[in-house]
Amino acid sequence: FFFLEMNTRLQVEHPVTELITGVDLVEQMIRSAWGEQLAIKQDDLSINGWAIESRIYAEDPYRGFLPSIGRLVRYEQPEEGDQGDYTVRNDSGVREGDEISMFYDPMIAKLCAWGETRDDAVRGMARALEDTHLAGLGHNVPFLAAVMDQERFQSGELSTSYIKDEFPDGFHGLALTPEQVKILIASAVAMNEVIAEQDGDPSERTDWTVLIDKAAYEVEVGYDEAEDLIVAIDGEELSLSEIDWRPGLSLFKAVLDDDAFTAEVKRAADGFDIRHRAARARVRVLRPDVAHLYALLPEKQAADTSKLVLSPMPGLVVDIPVTPGQEVKSGETVAIIEAMKMQNILKAERDGKVKAVKAKAGDPVAADDVLVEFE
């Protein structure tokens, strides 16, 4: 096993080694443990192409990669095998409906992509991540997709300080690229058409205003002779074909012009929440006069949580070493939460006086549950 790994420049993960050598290392280990001699020699080995692995974890990158527990309400995996320009392998240890608890390692799968070149492998991994959908808990798929899309990673300029260098203020997703704007608009318009058709109220309207958060785009919609959807965004015509979506599905799949894509979608009260790779936004398909009124709506103010200590993750309360009426200094420990074999110590951010303690040792808590309240 070791000398096989050495031939691949000390690749850490055996699926990567197996994809570029064609040797099943686990099989060789089992045969060797049974007493058989290795069926291959060093001279039989060669490296073919490039492979990359993404470890999919129940960790929330938007919360500093803290563990996330819960039930896998949805788990859609990418199709494995030859996908044309790349090959997919997904070593998964869970199934849809399984529960990720606070007591075990949060790894969900080892998703691998192989390509003839490094660029092919990176593009293949990005598409495989697009086709991965999880719901019910926080996960790192958007972060992994962000890495695939970054020029620095694509160039191979890596170091152990990569995350700190590229996301110094934490991970908050990536801004939409011009191509992703087109993907989100085309997806929203197509879903709007499907819903209207299924509701028995197909609209004759061809002109819409699409809002992506606050940005407005004028859109014309029509069909060509092949019944493909033609979407003109501010005058630029795009063809949307091979649409694979119906109400209730979490993934919208289609081909925009000649490029296949998958977006994660969710219906909202007035539109859709759509994520493509590491970029997400609320998208609304509106009549132009209605879109004008949206600009007049006041912004919803975030709740003031400055006097609250909230649980950063689901877990188990180990200790809350403060009591009501106690004076607490900045940096003093106010709670200890355990999740997935780790203890997380929460400290006061400023001086204050405890007004109430909302949990006790042994209590299970969810993310954002109030632990301590200050006056």
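Numerical summary
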| item | result |
| --- | --- |
| Selection count where residues are acidic (Asp, Glu), outside any loop (DSSP other than H, G, I, E, B) and surrounded by fewer than 22 Cβ atoms within 10 Å (Cβ to Cβ), scope the stretch 123-179 | 5 |
| Filter result for the condition that a residue is at pLDDT below 95, within 25 Å of Ala295 (Cα to Cα) and not small (Gly, Ala, Ser), over Asp258, Asp199, Asp213, Asp165 | Asp213 |
| Selection within the stretch 291-315 - farther than 30 Å from His139 by Cα, under 32 Å from the mean Cα position of the chain (by Cα) and surrounded by 10 or more Cβ atoms within 10 Å (Cβ to Cβ) | Ala291, Tyr294 |
| Count of the stretch 180-219 residues which are farther than 16 Å from Asp270 by Cα and touching a residue at least 12 places away in the same chain (Cβ under 8 Å) | 12 |
| Any hit, the stretch 271-278, residues being assigned by TED's automatic domain parsing to the domain that holds Trp208, surrounded by 12 or more Cβ atoms within 10 Å (Cβ to Cβ) and touching a Leu at 6+ places or on another chain (Cβ under 6 Å) | yes |
| Residue within the stretch 291-309 that is within 18 Å of Asp60 (Cα to Cα) and among the hydrophobic types (A, V, I, L, M, F, W, C) present | no |
| Of all residues making up the stretch 340-361, the number that are in contact with a strand residue (DSSP E or B) (Cβ under 8 Å, 6 or more places away or on another chain) and not in a strand (DSSP E or B) | 7 |
| Qualifying residue in the stretch 220-243 (condition: within 24 Å of Gly136 (Cβ to Cβ) and surrounded by fewer than 16 Cβ atoms within 10 Å (Cβ to Cβ)) | no |
| Qualifying positions in the stretch 312-329 - part of a loop (DSSP other than H, G, I, E, B) and modelled with pLDDT under 90 | Pro312, Met313, Pro314 |
| Any hit, the stretch 229-246, residues being under 30 Å from Gly64 (Cβ atoms) and either at pLDDT 95 or above or within 29 Å of the chain's Cα centre (by Cα) (or both) | no |
| Leading residue by the ranking (modelled with the highest pLDDT) among those in the stretch 119-162 that are farther than 17 Å from Tyr62 by Cα and polar (S, T, N, Q) | Thr132 |
| Residue that is free of Cβ contacts under 8 Å to residues at least 24 places away in the same chain and not in a loop (DSSP other than H, G, I, E, B), where the choices are Ile243, Ile336, Ile274 | Ile336 |
| Checklist (1) loosely packed, with under 15 Cβ neighbours inside 10 Å; (2) touching a Lys or Arg at 6+ places or on another chain (Cβ under 8 Å); (3) modelled with pLDDT of 90 or more; (4) not β-branched (Val, Ile, Thr) applied to Gln83, failing item | (1) |
| Condition met for Glu53 (at pLDDT 90 or above and within 24 Å of Gln154 (Cα to Cα)) | yes |
| Check on Ala145, within 27 Å of Ala366 (Cα to Cα), in contact with a helix residue (DSSP H, G or I) (Cβ under 8 Å, 6 or more places away or on another chain) and small (Gly, Ala, Ser) | yes |
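Table: residues versus (1) under 29 Å from Glu99 (Cα atoms); (2) surrounded by 13 or more Cβ atoms within 10 Å (Cβ to Cβ); (3) in contact with a Lys or Arg (Cβ under 9 Å, 6 or more places away or on another chain).
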position	(1), (2), (3)
Val317	yes, yes, yes
Ile320	yes, yes, yes
Gly325	no, no, yes
Gly331	no, no, yes
Ile345	yes, no, no
Lys355	no, yes, yes
Lys358	yes, yes, no
Ala367	yes, yes, yes
Val370	yes, yes, yes
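The values are calculated or read from the model by the stated rules, or taken from the named source; none is laboratory data. Everything quoted here is computed from the prediction, not taken from an experiment. A quick note on method: Cβ atoms are made from the backbone with ideal geometry, for glycine too, and the neighbour counts reach across all protein chains shown.
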